[in-house]
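Taking it in order: structure first as structure tokens, then the write-up.
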């Protein structure tokens, strides 16, 4: 008669263990990340890790994957990753990007599982910021320093490249890719620093002395270091994207946002007209001895985009396979960039279509739209219900996070119009982590709203 009860106890113990594994799913993925980032056919067993974690989550929660608004676009993308295996000329060439996609999507759902518990949500938020800081530090240690500004090059040329020989970055890290990855994190840090000082002024932060220590010893120094790394990359596209995103963020805060947008339009038009009459615009289109002061190099983008569009026309439904553009363009669509490694199409949406076909592009576009929709809905539904002892529950902090997440997503989106961190690229895991934080915050706030409505009715 005791046998059924023993089964129940055993099942309960296993389910609690599975729930623990699910809540810390992101940590197990972090431990296995090196195998995903540097895959090889001999280590293909690593691909089992993500679906195995999903099966554990199914046993623990009753659902293999959390129900989020991004599930349908993600399903389309995952299907097209499989379809791209048919199109690729060599699976071993596509393997690094496919492994990166699997790690990224796994991390997205892992961050959502972690967001269900506030304590773990704080940990994954810190892990996201720490990852951005890690990219900044590693970028400085292993960057191929660009030769754009003479006064910087005199100093940077003396710095040794300490990290070389990594698969995909044999000569060092590409500066634009480092800058593009930092864009996912830097706006959040900047918004958090501004909020930190606002909290000091209105004495909100003083109620939580621990946050003062975190702000002074970690938040501000990390932000300064990451801004410094961004400047050293000399990536004009990323700097312009960062400034534009920060200028646009007040739209969330203002009730009469159309007036603010109108003012921005008038100011931009005035600056443009003044620059044209002063001859500044004409000057930057001219070839100069200093490439950092001219945008004539951007004309090369038009040639690359033309080849990308031709590639999409030739491979509309399947794409040409992930990570194959750099090889296919040389054979089928020769350019004036002979001898240069064109790893991507310098536009993330064109690159998504090249890798995964037009269906994959639609999925990627939908994913970006859904991300902004979740941010808007979170902003509108902010309710300070579960204040408890943690400032993470306050409406002020939720809005700070929404602004920071929106800034990161928007900044990189603008950057992605003229450059790219391709889907499946090693730094691209930051995109999926940010998306997971956005979805996790959205689901937390949605749950809070339902709880508030229940309490109100009660």
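Taking Cα centroids, how far is segment 104-164 from segment 39-65 in Å?
26 Å
Classify segment 20-79 as rounded, prolate or oblate from the Cα gyration tensor: take a ≥ b ≥ c as the square roots of its eigenvalues, call it rounded if a/c is under 1.5, otherwise prolate when a/b beats b/c and oblate if not.
Since a/c reaches 1.5 but b/c is at least a/b, the shape of segment 20-79 is classed as oblate.
Taking the mean number of other Cβ atoms within 10 Å as a proxy for protection, how do you rank 35-43, 318-326, 250-258, 121-129 from highest to lowest?
In descending order of packing, they fall as 318-326, 121-129, 35-43, 250-258.
For a footprinting-style exposure proxy, rank 108, 333 by other Cβ within 10 Å, fewest first.
Final ranking by Cβ density, sparse to dense: 333, 108.
Go through 56-66, 407-417 and give me the packing order, highest mean Cβ count within 10 Å leading.
407-417, 56-66
Run the numbers for residue 268 and residue 225: contour at 0.36 nm per residue of separation, minus the present Cα-Cα distance, in nm.
Length gained, residue 268 through residue 225: 12.5 nm.
Taking just the alpha-carbon atoms of segment 24-122, what radius of gyration and Dmax come out, in angstrom?
Here Rg and the maximum Cα pair distance are 14.2, 46 Å.
Values quoted throughout were computed directly from the atomic coordinates according to the rules given, and no laboratory measurement underlies them. Keep in mind the model is a prediction, meaning the values are calculated, not measured. Don't worry about glycine lacking a Cβ; one is built from the backbone with ideal geometry, like all the others, and counts go over all protein chains shown.
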